[in-house]
Amino acid sequence: MSSVVSSASPQNRVTRMLLIVILIGAGGMALSLWWFEESPAVGAASREYVSKVSTPPLSVSRPVIELANSTPEPAVNEPVPEPTVSEPTAEQTVDEPAVEKEPAKKKTKKKRSESRPVDCEKTKCVALTFDDGPGKHTAKLLKTLHKEKVPATFFVIGRHIEDYPDALRTMSKQGHEVASHTWSHDDLRQLSTKQIDKELKATAKAIKKETGTAPKLVRPPYGAFDSHVQKTLKKRDESAIMWNVDTLDWQHKNVKRTVKTAAGATNGSIILMHDVQETTVDAVPRIIKKLRKQGYTFVTVSDLLGDVKPGEVYYQR
Ligand code: NI
């Protein structure tokens, strides 16, 4: 041993030392790479980080009303809290190509297609509509709809909005459609053009203040309209939405009857109810269950009807 050491020149010794250092370094790197890949904690965390970085910010680009544009069934799997919203269709379509180029495309693509709007040409659709709110029972109804991932349309009375501004924000956030039921719930046929305009303008302003979107759909109180009302709506670029299933919930205030009538809806129906009635709010879980059993998908009125013409009156799809 001593002879080997002594025979080595100083340069040889330095070279040998360098080789040893390089070998140790290479071995250490290999070891740490192996550990990085195999260790569940570090590997998972790092992989997650990588995937986070490379995944497009999906939730950010989502419109706020996811529900409205989701297929009811798939929508069930969608986390509503990151709502999207309302007329996101075009946006989503536009986003699609960019998403496909990203590494996380498989997962992203699936999620996207599930949240596409329902095609009521191919699917049995119904629209639940609630008039005269927001009121003291609206929050409970919103909880039910949120739990069931069912989008609905609320025809709100303008002067009620300031008492329940949170209800409107929740409606919008959870993908419901907020539409107009005028400011003071008067028979529009008895009003002048100027007065009708004032009723609708004030309501639209209050809705926009809370939801960010002015309504295009109006349900005339008592379903009362004439050509003069229609003309005024047309000028405002708004349409009248009636119904073809009347639960008469406000009259009988009977849960069973409300469920039975609503469950008798047919494809393309617009169902009239009132969220100011406690019995109606209590009936909704059973209505949802019964209609789902019949294969119906719940959509907002705008999703049910698609493009509507200003001044026109709609009763169903
Ligand atoms: Ni009403």
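The values are calculated or read from the model by the stated rules, or taken from the named source; none is laboratory data. Note that this is a predicted model, so its numbers are computed, not measured. Quick reminder, even Gly has a Cβ in these numbers, built from the backbone with ideal geometry, and neighbours come from all protein chains shown. Surface accessibility is based on the protein's heavy atoms, side chains included, excluding ligands, DNA and RNA. Shrake-Rupley method; radii C 1.70, N 1.55, O 1.52, S 1.80 Å.
The number of residues in the stretch 177-204 being part of a strand (DSSP E or B) and open to solvent by 60 Å² or more (accessible area, probe 1.4 Å) comes to 0. Residues in the stretch 230-241: is at least one within 16 Å of the ligand (Cβ to nearest atom), in contact (Cβ under 8 Å) with a residue 40 or more places away in the chain and in a helix (DSSP H, G or I)? Checking the stretch 230-241: not a single residue is within 16 Å of the ligand (Cβ to nearest atom), in contact (Cβ under 8 Å) with a residue 40 or more places away in the chain and in a helix (DSSP H, G or I). Note on the stretch 205-222: among residues that are assigned to a helix (DSSP H, G or I) and open to solvent by 10 Å² or more (accessible area, probe 1.4 Å), the one that is nearest to the ligand (Cβ to nearest atom) is 222.
Within the stretch 122-135, the set of residues being among the hydrophobic types (A, V, I, L, M, F, W, C) and within 16 Å of the ligand (Cβ to nearest atom) comprises 128, 130. On the stretch given as the stretch 243-273, residues that are in a loop (DSSP other than H, G, I, E, B) and open to solvent by less than 10 Å² (accessible area, probe 1.4 Å) total 3. Entry remark, the stretch 287-317: residues being more than 26 Å from residue 160 (Cβ to Cβ) and not in a loop (DSSP other than H, G, I, E, B) number 6 in total. The set of residues in the stretch 136-163 that are more than 16 Å from the ligand (Cβ to nearest atom) and either open to solvent by 50 Å² or more (accessible area, probe 1.4 Å) or part of a loop (DSSP other than H, G, I, E, B) (or both) comprises 136, 139, 140, 143, 146, 147, 148, 149, 150, 151, 162, 163.
Rundown of residues vs (1) under 28 Å from residue 295 (Cβ atoms); (2) out of contact with any Phe, Trp or Tyr (no Cβ under 9 Å at 6 or more places or on another chain), yes/no style:
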| position | (1), (2) |
| --- | --- |
| 122 | yes, yes |
| 130 | yes, no |
| 164 | no, yes |
| 175 | yes, yes |
| 185 | no, no |
| 190 | no, yes |
| 199 | no, no |
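Could you list, in sequence order, the residues of the stretch 164-189 that are over 13 Å from the mean Cα position of the chain (by Cα) and more than 15 Å from the ligand (Cβ to nearest atom)? Of everything in the stretch 164-189, those that are over 13 Å from the mean Cα position of the chain (by Cα) and more than 15 Å from the ligand (Cβ to nearest atom) turn out to be 164, 165, 166, 167, 168.
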